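Below is one structure, written out as structure tokens; comments come after it.
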Amino acid sequence: MAFRNTFIPYRAYWSSAFCRWQGALANSNSLELVAATAKRFLHSRQIEPGGIESLHLGFTVPQKQSFYGAPWVAAMAGLEGITGPVLAQACATSARVVASAAGSLETGSDACILALAADRTSNGPQLLYPNPKGIGGMADVEAWVWDNFNKDPNTGQAMLATAENVAQAAGITREEQDELTLLRNEQYQEALRDDRAFQRRYMFPVEIGSGKHTKTVDADEGVFPTTREGLAKLRPVREGGTVTFGGQTYPADGHAGMVLCTEERAASMSADPAVRIQVLASGTARVEKAHMPMAVVPAAERAVGAAGIKFADLQAIKTHNPFAVNDLYFSKKCGIPLDNVNRFGSPLIYGHPQGPTGMRVLIELIEQLVVEGGGYGLFSGCAAGDTAMALVVRVG
């Protein structure tokens, strides 16, 4: 889908640090946390709450009282009187939230929207479903995070299996995955140079607690040292497979947000009016069952086509890559060198809280384009099972 009237004010966006499973954010309700951070961020940027007309919220892991969704989060964020949709599309949730906001802007329903995405994979809910016909009338139990990671009800296969399926189909080796993981780790180190200069362009500190007991989280937690020798020692997660713990991401907690609005509003809210950020298109795709990493390619092709450009026109490319297999397949199919993708890091290295992952990657894409002098940028990322979404932006 092509967009003509969707813009993002420069620096009117942020991401929290991403913290490993059972880490610093493990005991905080992710919706309460994203609301509190949004309120502090808007105040720090002097963005008037009254100018925001709608809130589009994305999350994939239910939190206590999340039934109340966007109106509750808006109230906590100091945005009384507004509401909006709650969206979930597994790992493509952020892309869907941005596309949803863009759709409202294109139709003129709203002129300024706050898009938020948050998730906490830690301490995921254990759900009980009544089953009077069960043995002894016992309820059915679902561990929301782990049971769904490990079984797609459509195929019976785990997400890990989708990576192994694509590795086998495309001839992707264990050695290639190790090399890609090393490269992505090196790119992440670039974001840490000069006291994390790149990350400080967009990463906003999270405050947990209050008063004397306030804890500030302002850097990723969970990134582990990676060496060629260390990767070589790891065994495949599945017997006979190729994917190791080094070649896949890890569950994490975090959140992100951005303002999307008309061009006129964006110019007035931008930290630098000379920087013009436009969302040009989105693309969605579904591929063969249980071949999730493949879906990134057709989603990207559709978004690039809708934007009216070619892959050769792209200045920067970022992906959501829960497995090294994702980027290896993308590179082989699209003919793009591996080191031309994911400069400054990717979820393979810094973790994966499903809902906000894509928004952080999109923000990094925008900042990379600013650093490199502007141009077209592509974000493409897979989602549970066999789907993916992509977005194309232009920074001038």
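Just so it is clear, none of the values below were taken in a lab; they were calculated from the coordinates. In this text the structure is predicted, and so the values were computed from the model without any measurement. Because the Cβ atoms are built from the backbone with ideal geometry, glycine has one as well, and the counts that use them run over all protein chains shown.
Over all projection directions, the Cα-based convex hull of segment 254-396 averages an area of 8.3 nm².
Among Lys64, Lys151, sorting on how many other beta-carbon atoms sit within 10 Å of each Cβ, with the fewest leading, yields Lys64, Lys151. On the beta carbon distance between Ala312 and Lys333, with R0 = 22 Å, the FRET formula returns roughly 0.90. All Cα-Cα separations within segment 118-265 were binned at 10 Å from zero, giving a P(r) of 8, 23, 29, 25, 12, 3, 0, each value a whole percent of the pairs.
Hey, got a sec? Which trypsin sites (Lys or Arg not before Pro) in segment 259-313 land in a DSSP loop and have at most 16 other Cβ atoms within 10 Å? Answer in residue order: Lys289, Lys310. Size descriptors for the chain: radius of gyration and Dmax over Cα atoms are 20.2, 68 Å. Under the criterion of Cα pairs below 8 Å and six or more residues apart, the relative contact order for the chain equals 28 percent. Only beta bridges with both residues in the chain are counted; by DSSP, about 70 percent of them are antiparallel.
Cβ-to-Cβ counts within 10 Å put Trp146, Trp14, Trp72, Trp21 in ascending order as Trp146, Trp72, Trp21, Trp14, the fewest first.
Can you compute the label reach from Glu106? Point 7 Å from Cα along the Cβ direction, backbone N cut-off under 19 Å, restricted to segment 336-378. Hits in segment 336-378 for Glu106 at 19 Å: 377-378.
For segment 275-396, the relative contact order works out to 44 percent when only alpha carbon pairs closer than 8 Å and six or more residues apart are counted. Between Lys289 and Thr173, the modelled label-to-label distance comes to 3.3 nm, taking each label 7 Å out from Cα in the direction of the beta carbon.
Each residue of segment 376-391 was assigned a 3J(HN,Hα) from its phi angle through the Karplus expression (A = 6.51, B = -1.76, C = 1.60, θ = phi - 60°), giving 8, x, 10, 10, 9, x, 7, 9, 3, x, 7, 10, 6, 9, 9, 9 Hz with x at Gly and Pro.
Our helix-only sum for the chain, with -39,500 (n - 2.57) per DSSP H run of n ≥ 4 divided by its residues, gives a mean residue ellipticity at 222 nm of -10500 deg cm²/dmol. In this simple spin-label approximation, Tyr68 and Ile208 carry label points 7 Å from Cα along the Cα→Cβ vector, and these lie 2.3 nm apart.
Here the Karplus curve 6.51 cos²θ - 1.76 cosθ + 1.60, taken at θ = phi - 60°, turns the phi angles of segment 163-178 into couplings of 5, 5, 4, 6, 4, 5, 5, 9, x, 8, 8, 4, 5, 5, 5, 4 Hz, with x standing for Gly and Pro. Just list whichever of Lys151/Lys215; Lys289/Lys318; Lys233/Lys318; Lys39/Lys310; Lys64/Lys151; Lys64/Lys289 have alpha carbons separated by over 27 Å in the model shown. Result: Lys151/Lys215; Lys233/Lys318; Lys39/Lys310; Lys64/Lys289 exceed 27 Å. With the simple model of a label 7 Å out from the Cα in the direction of the Cβ, Glu48 to Arg196 spans 3.3 nm. When DSSP beta bridges are restricted to pairs lying wholly in segment 21-144, around 35% turn out antiparallel.
Backbone amide hydrogens, once placed in the peptide plane, bring Asp152 within less than 5 Å of Gln157, Ala158, excluding anything fewer than 5 places away on its chain.
When Glu364, Glu263, Glu176 are arranged by Cβ crowding within 10 Å, least crowded first, meaning fewest neighbours, the order is Glu263, Glu176, Glu364. Scanning the chain for cysteines with no neighbouring cysteine C-beta under 4.7 angstrom from their C-beta gives Cys19, Cys91, Cys334, Cys382.
Debye-formula intensities of segment 1-113, expressed as log10 I(q)/I(0) at q = 0.11, 0.14 Å⁻¹, are -0.37, -0.61 (one equal scatterer per alpha-carbon, no solvent). The gain in end-to-end length when the Tyr129 to Ala26 segment is fully stretched comes to 34.6 nm, 0.36 nm per residue minus the alpha carbon separation.
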